[in-house]
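Inspection log for the structure reproduced underneath, given as structure tokens.
The values are calculated or read from the model by the stated rules, or taken from the named source; none is laboratory data. None of these values were measured; they are calculated from a predicted model. Cβ coordinates were reconstructed from backbone atoms using ideal geometry, including for glycine residues, and neighbour counts include every protein chain displayed.
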Amino acid sequence: MKAKRWLLPAIATIVVVALAVIYYRFDPAQGGGWFPQCALYKFTGLRCPGCGMQRAAHALLHGDITGALHYNALMPLIVLTLFICIFNEWRGDRNGRLWLIVTHPVTSFIILAVMIGWMILRNLIGC
């Protein structure tokens, strides 16, 4: 049973590293056609909470924090949450304080409210 304990965090780490290599090497802002486009933006012109995330990842991987925040201000929150989840999975610690905060049901509602608020704000002020 312990052998399976490391499988999910290992797969998650491999996927994150593979995506990091792709987003480090290729710039989504330059197009190329093979990066996925936001369907909401494409059909309505409205930016979803995730719009700009690919460009933000590219900027962040190149050390451009300001650029990453410009593309999508939620990027630091998502990176932090992802790091906490993968780190705690690797440690096998599902009782740690950070893990309990991230996985608490209230946290989900807060994140949803922030995402909806960000979507409304970015479409009102055009960022």
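Any residue in the range 98-127 that's closer than 13 Å to residue 73 by Cβ: show its pairings with residues that are modelled with pLDDT of 85 or more and exposed (fewer than 15 other Cβ atoms within 10 Å of the Cβ) at Cβ separation under 8 Å, as long as the two are six or more apart or on different chains.
These pairs meet every condition: 119/46; 127/121.
Looking only at the range 56-86, which residues are over 11 Å from the mean Cα position of the chain (by Cα) and exposed (fewer than 15 other Cβ atoms within 10 Å of the Cβ)? Please lay out each step first, then the result.
Our first condition is that a residue be over 11 Å from the mean Cα position of the chain (by Cα); within the range 56-86, this holds for 58-71, 84-86.
Matches in the range 56-86: 62, 63, 64, 65, 66.
From 99, 34, which residue is assigned to a helix (DSSP H, G or I), over 25 Å from residue 125 (Cβ atoms) and aromatic (Phe, Trp, Tyr)?
Numbers: 34 fails: assigned to a helix (DSSP H, G or I).
The match here is 99.
Answer yes or no as to whether residue 86 is touching a residue at least 60 places away in the same chain (Cβ under 8 Å), under 18 Å from residue 8 (Cα atoms) and among the β-branched types (Val, Ile, Thr). Steps first, answer last, please.
Details: touching a residue at least 60 places away in the same chain (Cβ under 8 Å): yes; under 18 Å from residue 8 (Cα atoms): yes; among the β-branched types (Val, Ile, Thr): yes.
Judged against the criteria, residue 86 is a match.
Which residues, taken from the range 42-73, are in contact (Cβ under 8 Å) with a residue 40 or more places away in the chain, more than 15 Å from residue 121 (Cβ to Cβ) and not in a helix (DSSP H, G or I)?
None - no residue of the range 42-73 is in contact (Cβ under 8 Å) with a residue 40 or more places away in the chain, more than 15 Å from residue 121 (Cβ to Cβ) and not in a helix (DSSP H, G or I), so the list stays empty.
Can you say whether residue 12 is closer than 24 Å to residue 114 by Cβ and touching a Gly at 6+ places or on another chain (Cβ under 9 Å), as far as the supplied structure shows?
no
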